[in-house]
Amino acid sequence: MLLKKLEESVAVITGASSGIGRATALELAERGTTVVLAARREAALREVAEECRRLGIRADVIPSDVSDENAVRELARRAIEAFGRIDLWVNNAAVTVFGRFEETPLQAARRVIDVNLFGYIHGARAVIPYFREQNSGVLINVASQVAKMGEPFASYYVMTKFAIRGLGECLRQELRDTRIDVCTLLPAAIDTPLYQQGANYTGKVAKPMSPVYDARMVARDLIKLAEHPRREMHSGMSGRVASVAHSLAPGLVEKVAARKVEKEHFLDKPAEPSEGNLFTPMPEFNSIGGGWQAREKPSRTPLLLAAAAVASVIGTMTWWLRRRPRGLRKVIDRMVA
Amino acid sequence: MPKDTLWIERTWTQRQVKTGWIESQWTRVGDFRMHARVSTSPARYESLPVVLVHGIGITSRYWVPTSVLLAPWFRNYAPDLPGFGLSDKPRRTLQVRQLADWMAAWMRARNIAGAALVGNSFGCQIVADFAVRYPELLSCTVHIGPTTDPKGHTAREQVRRWQRNNPGEPFSHKIVSYRDYWDCGIPRVLRTFANSLDDHIERKLPHIRVPSLVVRGSCDPIVPQRWAEEATRLLPKGKLVVIPGAFHTVNFSSPLELVRVMKPFLIEVSRSLEQHQEKAA
């Protein structure tokens, strides 16, 4: 739990150079929170910090690779020494690899697990001792909606996200009688440069599946979560719907999701096998968005929903009119006749 | 263990944070018996004693939270200056200069040298005066919310700022400070306040040659950011740390944060002292 208001709190965000991390840093800065930004790319971090400072808050930049435990410890220590306190720790830095399970090079798979899972583990291990001293604090692990259901061609990414959800569940139980909260945020498909930066061994260019949501929406949800901690929270309605469907009919959803991924997750453009940003960061992708929302065709979902509503109303009325008259209909019929 | 501070200590010792023990000790200095709360648990960095100097009317009692948290790392002493708290009271109210003299006399009586002087509020004025005139007794200074801001150097402005600060402090701060004012006597509190306005810390800061740390609570109305920055600039070896969400008495209401930001600074000083001693040996 946050002991103080957001404008008097200190937040540490990993992976703040682009995507959700960058959006979170800026949204927190707008609310007056002191932010400490961590990522591998120093230049991009400085840019974010400058934007934050323009909003009149204090921002600190500590370039670090989350897969290095000492670097993460150092990050926590420096934040504590500069501001005396950490109220919110956002584990957010993640990489991904696209490719068939058996065709993905093991080195790339290991690196994904190192960054996504061990990065979060290092973060939690670094900050929880300070949280225990304070007896307060919120740890938010940004997982994904695929932490609830599988997805083909991204097995290693999905496995780490499942593990992160498990980590949150265990930590919550361990920290039961403290005022420390551990939350897992499950964003849906988000418009971030993740898809351009991910390693890719599928032979095709990857893209997010529709509907694609804005990273700033995730950032706002994350701040809500920090203020009112909950176990897990979906960000983006499609994830929420999919997760409910998955718990009702897991077999069916697996089949549908597999077909949807095959159809929609990749463009028809060929792509050379690449390591993406796994081992060396890519300085060109340092924005919040990845330009996916603009490319997306206007969503048919509202239209479909409206059509379904109209159809169901017409259907109900037809059924009501055509069934044997009784009750209210009987009375109305008698009065008319 | 002084009974009247047990409850303050308990709030900190029950958390999962390293704390030490403190006890009351009396020392005869000249004609006066001076009281101090001294940490008794073994400290990690024994080479650097830390002296905690209180503000107007208040006493070592409001240093207790900081003192217990600092105790595992540094031997610390929080004296009540003559006229305040449980120490003997001189007939006349003492000036800043005289209080600094008493500090020095007390430190000599207790064989403390090469100390880190930590002041809060008016305590910083005593620390600054002390640092200029007794440089041989100290190795570094820490100013937590140093008064008095030269822009606002009037009784009226200071009282106004003090009133604006009060709602931000925890309720326990009221209990402790009112008890301390009672021990001191209201007339003496007011006269000390008048004396504090005669003193100009900004003229003394440039003459402090030792490493110094300025700590400011981000919500502190008595020490605005502008003055904290100016004070840091005036200090030849000054460094500023701002603690988000803290008010004027950082050492009482945010002691954990204070100890966390002070510790690396003090450790660095104590390391350099040890190296110096080794070279001399």
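The values are calculated or read from the model by the stated rules, or taken from the named source; none is laboratory data. Because the structure is a prediction, the values reported are computed rather than measured. Please note: Cβ atoms are built from the backbone with ideal geometry, for glycine as well, and neighbour counts cover all protein chains shown.
Would you say B:VAL68 is within 14 Å of chain A (Cβ to nearest Cβ), at pLDDT below 95 and in contact with a helix residue (DSSP H, G or I) (Cβ under 7 Å, 6 or more places away or on another chain)? Show your work before the answer.
Working: within 14 Å of chain A (Cβ to nearest Cβ): yes; at pLDDT below 95: yes; in contact with a helix residue (DSSP H, G or I) (Cβ under 7 Å, 6 or more places away or on another chain): yes.
Answer is yes for this residue.
Given the conditions (1) more than 14 Å from chain B (Cβ to nearest Cβ); (2) over 14 Å from A:THR96 (Cα atoms); (3) surrounded by 24 or more Cβ atoms within 10 Å (Cβ to Cβ), and given that A:VAL127 satisfies all but one, which numbered condition is not satisfied?
(1)
Tell me yes or no: at least one residue of segment A:105-114 is more than 14 Å from chain B (Cβ to nearest Cβ), closer than 26 Å to A:PRO250 by Cβ and in contact with a strand residue (DSSP E or B) (Cβ under 8 Å, 6 or more places away or on another chain). Talk me through it step by step, then tell me what you get.
Initially, segment A:105-114 is screened for residues more than 14 Å from chain B (Cβ to nearest Cβ), giving A:105-114.
Then drop every residue that is not closer than 26 Å to A:PRO250 by Cβ, which leaves A:109, A:112-113.
Still in the list and also in contact with a strand residue (DSSP E or B) (Cβ under 8 Å, 6 or more places away or on another chain): A:109, A:112.
Scanning segment A:105-114, I find at least one residue that is more than 14 Å from chain B (Cβ to nearest Cβ), closer than 26 Å to A:PRO250 by Cβ and in contact with a strand residue (DSSP E or B) (Cβ under 8 Å, 6 or more places away or on another chain), so the answer is yes.
Yes/no per residue for (1) crowded, with 19+ Cβ neighbours inside 10 Å; (2) out of contact with any Gly (no Cβ under 8 Å at 6 or more places or on another chain); (3) touching a residue at least 24 places away in the same chain (Cβ under 8 Å):
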position: A:ILE164; (1), (2), (3): yes, yes, yes
position: A:GLU174; (1), (2), (3): no, yes, no
position: A:THR184; (1), (2), (3): yes, no, yes
position: A:PRO187; (1), (2), (3): yes, no, yes
position: A:PRO193; (1), (2), (3): yes, no, yes
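Give, as residue ranges, the strands (runs of 3 or more DSSP E) completely inside segment B:28-127 that count at least 2 residues that are over 11 Å from the mean Cα position of the chain (by Cα) and surrounded by fewer than 22 Cβ atoms within 10 Å (Cβ to Cβ).
In segment B:28-127, the matching strands (runs of 3 or more DSSP E) lie at B:32-39.
Can you tell me which residues in segment B:240-249 are within 9 Å of another protein chain (Cβ to nearest Cβ) and either in contact with a Lys or Arg (Cβ under 6 Å, 6 or more places away or on another chain) or farther than 16 Å from B:THR141 by Cα (or both)?
Hits for segment B:240-249 are B:VAL242, B:ILE243, B:PRO244, B:GLY245, B:ALA246.
How about segment A:49-90: which of its residues are among the acidic types (Asp, Glu), more than 14 Å from chain B (Cβ to nearest Cβ), over 22 Å from A:ARG111 (Cα atoms) and in contact (Cβ under 8 Å) with a residue 12 or more places away in the chain? Walk me through how you get there before you give the answer.
Residues of segment A:49-90 among the acidic types (Asp, Glu): A:50-51, A:60, A:65, A:68-69, A:74, A:81, A:87.
Add one more test, that the residue is more than 14 Å from chain B (Cβ to nearest Cβ), and what stays is A:50-51, A:65, A:68-69.
Narrowing the set further to residues that are over 22 Å from A:ARG111 (Cα atoms) leaves A:50-51.
A:GLU51 - this is the single residue of segment A:49-90 that is among the acidic types (Asp, Glu), more than 14 Å from chain B (Cβ to nearest Cβ), over 22 Å from A:ARG111 (Cα atoms) and in contact (Cβ under 8 Å) with a residue 12 or more places away in the chain.
From A:ARG100, A:ARG46, grab the single residue that is assigned to a loop (DSSP other than H, G, I, E, B), more than 14 Å from every other protein chain (Cβ to nearest Cβ) and touching a residue at least 12 places away in the same chain (Cβ under 8 Å).
Residue meeting the stated conditions: A:ARG100.
With respect to the numbered conditions (1) over 23 Å from B:PRO255 (Cα atoms); (2) of a type in the set (Gly, Ala, Ser); (3) in contact with an Asp or Glu (Cβ under 6 Å, 6 or more places away or on another chain), which one is the sole condition not fulfilled by B:GLY145?
(1)
Could you tell me whether any residue of segment A:45-59 is modelled with pLDDT under 95 and among the β-branched types (Val, Ile, Thr)?
Within segment A:45-59 (the criterion being modelled with pLDDT under 95 and among the β-branched types (Val, Ile, Thr)), the answer is yes, since at least one residue qualifies.
Kindly evaluate B:SER254 against the criterion of being under 21 Å from B:LEU48 (Cβ atoms) and either surrounded by 17 or more Cβ atoms within 10 Å (Cβ to Cβ) or more than 10 Å from chain A (Cβ to nearest Cβ) (or both).
Details: under 21 Å from B:LEU48 (Cβ atoms): no; either surrounded by 17 or more Cβ atoms within 10 Å (Cβ to Cβ) or more than 10 Å from chain A (Cβ to nearest Cβ) (or both): yes.
No, not satisfied.
Here are B:ALA194, B:ALA228: which of them is under 27 Å from B:GLN158 (Cα atoms), at pLDDT below 95 and assigned to a helix (DSSP H, G or I)?
Values: B:ALA228 fails: at pLDDT below 95.
Result: B:ALA194 is the single residue among B:ALA194, B:ALA228 that is under 27 Å from B:GLN158 (Cα atoms), at pLDDT below 95 and assigned to a helix (DSSP H, G or I).
Sort out which residues of segment A:1-28 are more than 14 Å from chain B (Cβ to nearest Cβ) and part of a helix (DSSP H, G or I), and write them in order of number. Give the steps one after another, and end with the answer.
Residues of segment A:1-28 more than 14 Å from chain B (Cβ to nearest Cβ): A:1, A:13-27.
A:GLY19, A:ILE20, A:GLY21, A:ARG22, A:ALA23, A:THR24, A:ALA25, A:LEU26, A:GLU27 - these are the residues of segment A:1-28 that are more than 14 Å from chain B (Cβ to nearest Cβ) and part of a helix (DSSP H, G or I).
For a quick check of your reading: which helices (runs of 4 or more DSSP H) sit entirely within segment A:278-337 and have at least 1 residues that are loosely packed, with under 10 Cβ neighbours inside 10 Å and in contact with a strand residue (DSSP E or B) (Cβ under 9 Å, 6 or more places away or on another chain)? Working first, answer last.
Working: elements: A:292-295, A:301-322, A:328-336.
Fully inside segment A:278-337 and qualifying: A:292-295.
Somewhere in segment A:198-208, is a residue in contact (Cβ under 8 Å) with a residue 60 or more places away in the chain, hydroxyl-bearing (Ser, Thr, Tyr) and under 22 Å from A:VAL97 (Cα atoms)? Walk me through how you get there before you give the answer.
So in segment A:198-208, the residues in contact (Cβ under 8 Å) with a residue 60 or more places away in the chain come out as A:198-208.
With hydroxyl-bearing (Ser, Thr, Tyr) added as a condition, the list becomes A:201-202.
Retained after the next criterion (residues that are under 22 Å from A:VAL97 (Cα atoms)): A:201-202.
Yes: segment A:198-208 contains one or more residues that are in contact (Cβ under 8 Å) with a residue 60 or more places away in the chain, hydroxyl-bearing (Ser, Thr, Tyr) and under 22 Å from A:VAL97 (Cα atoms).
So B:CYS140 clears everything in (1) of a type outside the set (Asp, Glu); (2) within 18 Å of B:VAL29 (Cβ to Cβ); (3) part of a strand (DSSP E or B) except one condition, right? Which one?
Of the numbered conditions (1) of a type outside the set (Asp, Glu); (2) within 18 Å of B:VAL29 (Cβ to Cβ); (3) part of a strand (DSSP E or B), the odd one out for B:CYS140 is (2).
Of the residues B:THR141, B:THR192, B:THR148, only one is in contact (Cβ under 8 Å) with a residue 24 or more places away in the chain, on the phi < 0 side of the Ramachandran plot and touching a Gly at 6+ places or on another chain (Cβ under 7 Å); which?
Values: B:THR141 fails: touching a Gly at 6+ places or on another chain (Cβ under 7 Å); B:THR148 fails: touching a Gly at 6+ places or on another chain (Cβ under 7 Å).
B:THR192 is the lone residue from the list that is in contact (Cβ under 8 Å) with a residue 24 or more places away in the chain, on the phi < 0 side of the Ramachandran plot and touching a Gly at 6+ places or on another chain (Cβ under 7 Å).
Got a number for residues in segment A:239-280 being within 22 Å of the chain's Cα centre (by Cα), of a type outside the set (A, V, I, L, M, F, W, C) and at pLDDT below 90?
Residues in segment A:239-280 being within 22 Å of the chain's Cα centre (by Cα), of a type outside the set (A, V, I, L, M, F, W, C) and at pLDDT below 90: 4 in total.
With the condition kept exactly as written, say whether any residue in segment A:29-42 is out of contact with any helix residue (DSSP H, G or I) (no Cβ under 8 Å at 6 or more places or on another chain), away from every other protein chain (no Cβ under 13 Å), closer than 15 Å to A:GLY15 by Cα and in a helix (DSSP H, G or I). Walk me through it before giving the result.
First, the residues of segment A:29-42 that are out of contact with any helix residue (DSSP H, G or I) (no Cβ under 8 Å at 6 or more places or on another chain): A:30, A:40-42.
This time we only want the ones that are away from every other protein chain (no Cβ under 13 Å), so: A:30, A:40-42.
Subsequent filtering for residues that are closer than 15 Å to A:GLY15 by Cα retains A:40-42.
Now drop any that are not in a helix (DSSP H, G or I), which leaves A:42.
Yes: one or more hits.
If B:ASP220 satisfies every condition in (1) within 14 Å of another protein chain (Cβ to nearest Cβ); (2) of a type in the set (Asp, Glu); (3) over 20 Å from B:PHE74 (Cβ atoms); (4) assigned to a helix (DSSP H, G or I) but one, which is the exception?
Of (1) within 14 Å of another protein chain (Cβ to nearest Cβ); (2) of a type in the set (Asp, Glu); (3) over 20 Å from B:PHE74 (Cβ atoms); (4) assigned to a helix (DSSP H, G or I), only one is false for B:ASP220: (4).
Taking only segment A:27-48 into account, find how many residues are surrounded by fewer than 21 Cβ atoms within 10 Å (Cβ to Cβ) and either aliphatic (A, V, I, L, M) or more than 21 Å from the chain's Cα centre (by Cα) (or both).
Total meeting the criteria: 5.
When you check A:THR202 against the structure, is it of a type outside the set (Gly, Ala, Ser), modelled with pLDDT under 95, in a loop (DSSP other than H, G, I, E, B) and under 23 Å from A:LEU278 (Cβ atoms), yes or no? Can you show your working first?
Working: of a type outside the set (Gly, Ala, Ser): yes; modelled with pLDDT under 95: yes; in a loop (DSSP other than H, G, I, E, B): yes; under 23 Å from A:LEU278 (Cβ atoms): yes.
For A:THR202, the condition - of a type outside the set (Gly, Ala, Ser), modelled with pLDDT under 95, in a loop (DSSP other than H, G, I, E, B) and under 23 Å from A:LEU278 (Cβ atoms) - is met.
So which residues in segment A:100-144 are out of contact with any helix residue (DSSP H, G or I) (no Cβ under 9 Å at 6 or more places or on another chain) and among the small types (Gly, Ala, Ser), if there are any at all?
Once the filter is applied, which keeps residues that are out of contact with any helix residue (DSSP H, G or I) (no Cβ under 9 Å at 6 or more places or on another chain) and among the small types (Gly, Ala, Ser), segment A:100-144 yields only A:SER136.
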